[in-house]
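Worksheet: the structure to be examined is printed underneath.
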Amino acid sequence: MINLYEVTETNKMIEEENLDVRTITLGISLLDCIDSDLDRLNEKIYNKIYEAAKDLVKTGEEISREFGIPIVNKRISVTPIALIGGAACHTIEDFASIAKTLDKVAHEVGVNFLGGYSALVSKGMTPADELLIRSIPLALSTTERVCSSVNLGSTKTGINMDAVKLMGEMVRETAEYTKEDDSLGCAKLVVFCNAPDDNPFMAGAFHGVTEAETRPFPVRSLQRRGRRQDHQCRCQRPRRCKDRTGKGARRELRGSL
């Protein structure tokens with residue numbers, strides 16, 4: 001049972017230590033959207049994300065009011081697009097059209113970012129993987145809220161040096177394509193080694209193929225200013241915060257989406 005001390009402590013965290021929930025990220029599987037026709041594929045992707053995430057922002061704001069803790073960002077992660085677009089995309093522009101669809105639906109549902117314009121190539125590249133990677137500069141220069149990532153290697157399988165070379169070129173091209181906007185495209189691009197099976201963290205977010213249909217990820221952030229703290233205090237406070245807010249927020253999200 002929550003006592004007066006815990007209430008006072010939580011209020012102090014919010015008012016003096018900038019406690020917030022940094023983001024809630026909704027993971028959406030697009031595996032059932034795969035289609036060999038590009039127009040139908042884009043339509044399925046738009047409809048799937050819109051239906052799953054149309055209430056995400058509203059639900060996040062309701063949770064924020066209920067718990068009295070700010071939720072700074074609302075985001076979406078989707079299945080790596082190299083897997084989803086392989087059957088329909090035969091050019092760089094084809095893949096870029098999916099990026100535009102993702103950006104459109106991100107604007108429609110009101111999220112800050114949408115991650116998953118991604119390829120996982122630690123052991124090798126399929127033609128679809130390579131096309132998506134080559135489309136990244138165009139995709140990030142023609143969208144606002146789409147984030148991209150590529151996993152190039154792992155401790156177990158080694159490093160795909162062909163992909164390393166290609167990504168070096170793509171990072172430079174992305175900077176060039178977005179140079180009028182301070183090369184912002186590079187801030188929305190992550191290059192991994194040892195990427196996890198599923199990642200909710202922007203800009204490298206993607207929804208793992210082993211994950212359930214949709215899954216909310218409350219990500220907590222506890223920032224402190226102006227005073228020193230010992231190790232025990234730093235460890236205990238975030239854990240207590242997680243128990244009181246993170247689990248409750250996740251239950252609320254699952255019940256509302």
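Odds and ends about this structure:
- If you take the Cα centroid of region 63-85 and the Cα centroid of region 104-123, the two points sit 11 Å apart.
- Under the Karplus curve 6.51 cos²θ - 1.76 cosθ + 1.60, θ = phi - 60°, whole-Hz ³J(HN,Hα) for region 116-128, x wherever Gly or Pro sits: x, 6, 9, 9, 10, 10, 5, 9, x, 10, 7, x, 5
- Net +/- balance of residues flanking Leu31 in space, Cβ distance below 13 Å, scoring K and R +1, D and E -1: -2
- Estimated FRET transfer efficiency (Glu176, Asn112; beta-carbon r; R0 25 Å; 0.05): 0.45
- In a fully extended conformation the segment linking Thr155 and Val72 would gain 26.4 nm over its present Cα-Cα distance, using 0.36 nm per residue.
- Applying the Karplus relation 6.51 cos²θ - 1.76 cosθ + 1.60 with θ = phi - 60° to region 81-93 yields 3J(HN,Hα) values of 5, 4, 6, 7, x, x, 6, 9, 9, 10, 9, 4, 5 Hz, where x marks Gly and Pro.
- Each residue of region 195-212 is assigned a 3J(HN,Hα), and the resulting list reads 5, x, 4, 8, 9, x, 9, 6, 8, x, 6, 7, 8, x, 5, 8, 7, 5 Hz, derived from the Karplus form 6.51 cos²θ - 1.76 cosθ + 1.60 (θ = phi - 60°), x at Gly and Pro.
- For region 71-225, convex hull volume per residue from C-alpha positions, Å³: 136
No value in this document is a laboratory result; all are computed from the given coordinates. Given the structure is predicted, the values throughout are model-derived calculations rather than measurements. Using ideal geometry, Cβ is built from the backbone for each residue, glycine included, and neighbour counts are taken over all protein chains shown.
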